[in-house]
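*Asks:* Input: one structure, supplied below.
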Amino acid sequence: MHLTNADLHSHSNVSDGTLTPEALAERARAQGVELWSLTDHDELAGQARARRTALALGMDYLTGTEISVSFAGQTVHIVGLGFDAENAALNEGLSATRSGRRQRALDMAAGLASVGIEGSFEGALRYVGNPELISRTHFARYLVESGVCPDTHSVFRRYLTEGHPGYVPHNWARLGDAVRWIREAGGIAVIAHPGRYRFTPTEEYALFTEFIGHGGRGVEVMTGSHSPAEHIRYADTAIEFDLLASRGSDFHAPGESRTELGTLPDLPGRLTPVWEALEPRIERALA
Ligand code: AMP
Ligand code: MN
Ligand code: MN
Ligand code: MN
């Protein structure tokens with residue numbers, strides 16, 4: 001049986017990727033992706049362009065976003081798929097979630113200046129494609145360009161994560177709100193890359209049970225953020241909590257992202273793909 005090559009997690013320059021939605025669609029198609037979703041952080045501005053290009057290229061499309069949420073003292077990402085991109089409450093919720101990013105970036109730049117790294121706000125801005133979406137990734141690219149670190153991963157490790165000078169705690173959306181915005185817009189909420197969080201087992205259990213209590217239905221099993229062991233571990237979690245399973249590269253930029261679009265292993269056969277439950281929401285390419 002043919003398994004759909006679905007890639008339901010990727011970023012354009014409407015958030016912290018480097019390719020336009022059109023170029024990203026072309027790259028996904030060239031990599032053999034058959035069902036694609038652009039999931040920019042807290043933002044839907046790229047959806048119409050992504051959808052139009054995907055369908056023209058012969059690729060099926062699901063609307064997408066990745067919402068930043070604060071839970072138990074950490075940032076958790078919730079991917080929404082197959083919603084109505086015109087839904088007012090979803091758009092208002094995302095707008096509110098984006099609103100603190102500029103001040104946060106100014107505070108990050110002040111922290112970096114305190115260790116002698118000047119001009120990082122202006123430097124990061126040069127990498128920003130959407131003024132409402134300045135992110136840590138843009139700072140990381142600037143710090144690589146200016147020779148402070150050899151690659152973006154070391155920038156995060158040395159400067160942009162908790163306990164380091166460019167890190168600024170932030171209040172993102174609440175878990176229940178993010179899930180509700182997605183659900184009430186007709187989509188399915190998915191816990192993104194669960195292996196990335198640093199929760200205790202008790203906290204992780206609370207994340208999954210509260211997520212399900214709010215009406216969340218999916219978990220990313222195959223993601224560029226997971227090791228092979230985590231692919232197995234979260235396949236088991238999907239079964240344990242009776243969740244739909246998703247697959248997405250989390251591609252951001254050529255030469256920067258570890259995982260290329262459309263190249264992850266297929267979902268294990270014992271799992272139910274989230275795109276089966278989203279069948280009526282998939283926009284079908286003509287060709
Ligand atoms: P922000 O939403 O501004 O907090 O930025 C979060 C983004 O930073 C994530 O979506 C990733 O693209 C990127 N990121 C987070 N941690 C790392 C890391 N350790 N290495 C590279 N990129 C990272
Ligand atoms: Mn990102
Ligand atoms: Mn993420
Ligand atoms: Mn992502």
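*Asks:* Give segment 52-69 a look and list any residue that's closer than 26 Å to residue 97 by Cβ and assigned to a strand (DSSP E or B), or say none.
*Replies:* 61, 64, 65, 66, 67, 68, 69 - these are the residues of segment 52-69 that are closer than 26 Å to residue 97 by Cβ and assigned to a strand (DSSP E or B).
*Asks:* Here are some residues: 18, 4. Which one is surrounded by fewer than 24 Cβ atoms within 10 Å (Cβ to Cβ) and either more than 16 Å from ligand 1 (Cβ to nearest atom) or not in a loop (DSSP other than H, G, I, E, B) (or both)?
*Replies:* 4
*Asks:* Please pick out the residue among 143, 207 that is within 16 Å of ligand 3 (Cβ to nearest atom) and either in a helix (DSSP H, G or I) or not aromatic (Phe, Trp, Tyr) (or both).
*Replies:* 207 is the lone residue from the list that is within 16 Å of ligand 3 (Cβ to nearest atom) and either in a helix (DSSP H, G or I) or not aromatic (Phe, Trp, Tyr) (or both).
*Asks:* Name every residue in segment 51-76 that is within 16 Å of ligand 2 (Cβ to nearest atom) and open to solvent by less than 30 Å² (accessible area, probe 1.4 Å), in order of residue number.
*Replies:* Once the filter is applied, which keeps residues that are within 16 Å of ligand 2 (Cβ to nearest atom) and open to solvent by less than 30 Å² (accessible area, probe 1.4 Å), segment 51-76 yields 64, 65, 66, 67, 68, 69, 76.
*Asks:* Just checking, does segment 82-91 include any residue being more than 28 Å from residue 163 (Cα to Cα), of a type outside the set (Phe, Trp, Tyr) and within 16 Å of ligand 2 (Cβ to nearest atom)?
*Replies:* No: segment 82-91 contains no residue that is more than 28 Å from residue 163 (Cα to Cα), of a type outside the set (Phe, Trp, Tyr) and within 16 Å of ligand 2 (Cβ to nearest atom).
*Asks:* Here's another thing I want to ask about it. Condition test on residue 112, is it open to solvent by less than 20 Å² (accessible area, probe 1.4 Å), assigned to a loop (DSSP other than H, G, I, E, B) and farther than 21 Å from residue 215 by Cα?
*Replies:* Taking the combined requirement at face value, the residue does not satisfy it.
*Asks:* Can you run down the residue pairs with Cβ atoms below 8 Å, 6 or more apart or on separate chains, where the first is in segment 175-204 and within 15 Å of ligand 3 (Cβ to nearest atom) and the partner is open to solvent by 10 Å² or more (accessible area, probe 1.4 Å) and of a type in the set (Phe, Trp, Tyr)?
*Replies:* What qualifies is 175/71.
The values are calculated or read from the model by the stated rules, or taken from the named source; none is laboratory data. No experiment lies behind these values; they were computed from the predicted model shown. Quick reminder, even Gly has a Cβ in these numbers, built from the backbone with ideal geometry, and neighbours come from all protein chains shown. Protein only, heavy atoms only, side chains kept; ligands, DNA and RNA dropped before computing areas. Shrake-Rupley method; radii C 1.70, N 1.55, O 1.52, S 1.80 Å.
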